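Before any comments, here is the structure.
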Amino acid sequence: QQQVKQSPQSLIVQKGGISIINCAYENTAFDYFPWYQQFPGKGPALLIAIRPDVSEKKEGRFTISFNKSAKQFSLHIMDSQPGDSATYFCAARWGAQKLVFGQGTRLTINP
Amino acid sequence: DAMVIQNPRYQVTQFGKPVTLSCSQTLNHNVMYWYQQKSSQAPKLLFHYYDKDFNNEADTPDNFQSRRPNTSFCFLDIRSPGLGDAAMYLCATSSQQGTNEKLFFGSGTQLSVL
């Protein structure tokens, strides 16, 4: 199954809180799992990415947790800020150049 | 510094009237992609070029075609747009050099079909 399931569809978090977005997949051939951030009227931009041989990757306030046995991975945004309000897409790569995206999560950070 | 440039930003066409969307890049990347993104949905890959090699997704309608005359430019042609083709069309590039897998997206062209 070339599919990535993402939840929740929308998320509201208070400023300073932790935002958590989850993704699940079936295809064990996926070998690269990026997260993209998209602001209204803009194309997606790479935020952070992980490979399946690593269980966690952290870049600043953004952390990916990866559970290979459960085929799940999640994005954690610590100390969430209003500027983090955007749509977030998880994705997975299969084949040399093919990226499949999750359905997206619209994140709103309330001041 | 715009790296992946899409023109126009907004495009309005009539039902059945051919339309062409354009994409250019200053990154000298060898792979270029076209994605379709409908409102509140994930981007969906239509096709991609690896250098001059064209790779069509199995479920991309025949109505959609693409041209890549050189490394820098790529075009999306919709031969007979239907109402269901109204969407944001995103162009992206990647270098596929070593382990660099990052996609660089343009800002997209919002297509309306009347």
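The values are calculated or read from the model by the stated rules, or taken from the named source; none is laboratory data. Model, not experiment: these values are computed from the prediction. In this analysis, Cβ positions are derived from the backbone assuming ideal geometry, glycine residues included, and neighbour counts consider all displayed protein chains. Side chains included, ligands, DNA and RNA excluded: accessible areas come from the protein's heavy atoms. Shrake-Rupley method; radii C 1.70, N 1.55, O 1.52, S 1.80 Å.
Please find, within segment B:1-15, the residue that is most open to solvent (accessible area, probe 1.4 Å) out of those that are part of a loop (DSSP other than H, G, I, E, B), more than 19 Å from B:L83 (Cβ to Cβ) and more than 9 Å from chain A (Cβ to nearest Cβ). Reasoning before the result, please.
First, pick out the residues of segment B:1-15 that are part of a loop (DSSP other than H, G, I, E, B): B:1-3, B:8-9, B:14-15.
Applying the additional criterion that residues be more than 19 Å from B:L83 (Cβ to Cβ) yields B:1-3, B:8-9.
Cutting the leftovers down to more than 9 Å from chain A (Cβ to nearest Cβ) gives us B:1-3, B:8.
Details: B:D1: 182, B:A2: 69, B:M3: 78, B:P8: 43 Å².
Per the criteria, the residue is B:D1.
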Inside segment B:58-108, the number of residues satisfying the requirement of being open to solvent by less than 60 Å² (accessible area, probe 1.4 Å), part of a strand (DSSP E or B) and not small (G, A, S) is 13
Which condition number in (1) more than 11 Å from chain A (Cβ to nearest Cβ); (2) at pLDDT 95 or above is the one that B:G98 fails? (2)
Condition test on A:G43, is it within 11 Å of chain B (Cβ to nearest Cβ), free of Cβ contacts under 8 Å to residues at least 24 places away in the same chain, under 25 Å from B:S39 (Cα atoms) and buried (at least 17 other Cβ atoms within 10 Å of the Cβ)? yes
Could you check A:G104 against (1) without any contact (Cβ under 8 Å) to a residue 40 or more places away in the chain; (2) open to solvent by less than 50 Å² (accessible area, probe 1.4 Å) and say which number it fails? (1)
Residue under evaluation A:R93, criteria (1) out of contact with any Asp or Glu (no Cβ under 7 Å at 6 or more places or on another chain); (2) surrounded by 13 or more Cβ atoms within 10 Å (Cβ to Cβ); (3) in contact (Cβ under 8 Å) with a residue 24 or more places away in the chain, criterion not met: (1)
Go through segment B:32-53 and give me each residue that's more than 9 Å from chain A (Cβ to nearest Cβ) and more than 13 Å from the chain's Cα centre (by Cα). B:K38, B:S39, B:D51, B:K52, B:D53
Filter result (assigned to a strand (DSSP E or B) and either away from every other protein chain (no Cβ under 11 Å) or open to solvent by 80 Å² or more (accessible area, probe 1.4 Å) (or both)) within segment B:21-31: B:L21, B:S22, B:S24, B:Q25
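Just a yes or no: is a residue in segment A:70-87 within 11 Å of another protein chain (Cβ to nearest Cβ) and touching a residue at least 24 places away in the same chain (Cβ under 8 Å)? Reasoning before the result, please.
The first filter runs over segment A:70-87 and keeps only residues within 11 Å of another protein chain (Cβ to nearest Cβ), leaving A:87.
Among the residues that remain, those that are also touching a residue at least 24 places away in the same chain (Cβ under 8 Å) are: A:87.
Scanning segment A:70-87, I find at least one residue that is within 11 Å of another protein chain (Cβ to nearest Cβ) and touching a residue at least 24 places away in the same chain (Cβ under 8 Å), so the answer is yes.
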May I ask you to verify whether B:P18 is open to solvent by less than 20 Å² (accessible area, probe 1.4 Å) and over 21 Å from A:L99 (Cα atoms)? no
